[in-house]
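The values are calculated or read from the model by the stated rules, or taken from the named source; none is laboratory data. Not measured: the values here are computed from a predicted model. Here the Cβ is made from the backbone with ideal geometry for all residues, glycine too, and neighbour counts use every protein chain on show. Heads up: the accessible areas ignore ligands, DNA and RNA and are worked out on the full protein's heavy atoms, side chains in. Shrake-Rupley method; radii C 1.70, N 1.55, O 1.52, S 1.80 Å.
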Amino acid sequence: MAATPALEIRNLEAWYGESHVLHGVDMVVQPGEVVTLLGRNGAGRTSTLRAIMGLTGSRKGSVKINGVETIHLPTHRIAHLGVGYCPEERGIFSSLSCEENLLLPPVLKTGQAGMSVQEIYAMFPNLAERKNSQGTRLSGGEQQMLAVARILRTGANLLLLDEISEGLAPVIVQALARMITMLRQKGYTVVMVEQNFRFAAPLADRFYVMEHGRIVEQFGAAELEAKMPVLNQLLGV
Ligand SMILES: Nc1ncnc2c1ncn2[C@@H]1O[C@H](COP(=O)(O)OP(=O)(O)OP(=O)(O)O)[C@@H](O)[C@H]1O
Ligand SMILES: [Mg+2]
């Protein structure tokens, strides 16, 4: 018997006010998979993550988290099922120190214990070095790691990451790639939205491509090379 998917989305539609942005998204992610959601600007990738969290204006269809239907649940109840959303804007509090930011979120009662601050510092040694630095003093890369680390402390095991590599120097992007690999080894399920195809390509088990609020392509890592012409056409990569 197949395992219960960590995330199962069927015919998901979403709106911002009158604006209909998702037109029937289907996506199934198994526990422990790293999946990348690709697409051009405005394709609906951020809206997909926001709709999973119940953060769009309205939504319909089905979104199951570990088999639990969430389409009628409010955002905080969805988060409590073990979903961690890292928005593009990261949400680091500038007046708090790195460690205070880390200690901010509540620990979820998902059964899976969140990482302790010590475990987080072992995984992100540069955050340990910067623990007393004010949020605004952290580099873009440090802020991005902090934003992800903060989610790990809650005990979330399904991570929704929006364009974590965006605007960061290549050396930082490499560190983020190592972080994703580490999360995968630890058994986290990851859905990453990416514009940076070269960052995502070696990390993901499977790929989805969106266009105009719909999934237009999906394939596994083994098919990546064969799919390159199609990806070129869809993304201009
Ligand atoms: N708050 C909002 N109100 C109304 N329309 C929105 C809102 N946010 C996004 N949209 C629209 O929804 C569509 C999908 O946007 P979305 O942010 O999901 O795209 P994306 O794939 O994440 O691309 P990018 O991050 O490059 O902008 C776009 O047409 C966008 O203009
Ligand atoms: Mg976006």
Looking only at region 53-74, count how many residues are farther than 30 Å from Pro202 by Cβ, crowded, with 17+ Cβ neighbours inside 10 Å and of a type in the set (Val, Ile, Thr).
2
Can you say whether Leu55 is within 16 Å of ligand 2 (Cβ to nearest atom) and either within 30 Å of Ala222 (Cβ to Cβ) or part of a strand (DSSP E or B) (or both), as far as the supplied structure shows?
no
Testing Val216 on (1) away from ligand 2 (no atom under 16 Å from the Cβ); (2) part of a strand (DSSP E or B); (3) surrounded by 17 or more Cβ atoms within 10 Å (Cβ to Cβ), one condition comes back false. Which one is that?
(3)
All but one of (1) more than 20 Å from the chain's Cα centre (by Cα); (2) over 24 Å from Leu176 (Cβ atoms); (3) at pLDDT below 95 hold for Gly61; which doesn't?
(3)
The condition of being under 30 Å from Ile120 (Cα atoms) and surrounded by fewer than 16 Cβ atoms within 10 Å (Cβ to Cβ) holds, among Thr189, Thr181, only for Thr181
Can you pull out the residues in region 80-106 that are part of a loop (DSSP other than H, G, I, E, B), away from ligand 1 (no atom under 16 Å from the Cβ) and open to solvent by 80 Å² or more (accessible area, probe 1.4 Å)?
His80, Phe93, Ser95, Leu104, Pro106
Inspect all residues belonging to region 147-167 and state whether any of them is surrounded by 16 or more Cβ atoms within 10 Å (Cβ to Cβ), charged (D, E, K, R), in a strand (DSSP E or B) and touching a residue at least 40 places away in the same chain (Cβ under 8 Å).
yes
Within region 169-199, the count of residues that are within 16 Å of ligand 2 (Cβ to nearest atom) and either modelled with pLDDT under 95 or within 22 Å of Ala113 (Cα to Cα) (or both) comes to 6
Total residues in region 13-52, condition assigned to a loop (DSSP other than H, G, I, E, B), open to solvent by less than 40 Å² (accessible area, probe 1.4 Å) and either closer than 13 Å to Asp205 by Cα or at pLDDT below 95 (or both)
2
With respect to the numbered conditions (1) away from ligand 2 (no atom under 16 Å from the Cβ); (2) open to solvent by 70 Å² or more (accessible area, probe 1.4 Å); (3) free of Cβ contacts under 8 Å to residues at least 40 places away in the same chain; (4) assigned to a loop (DSSP other than H, G, I, E, B), which one is the sole condition not fulfilled by Arg77?
(4)
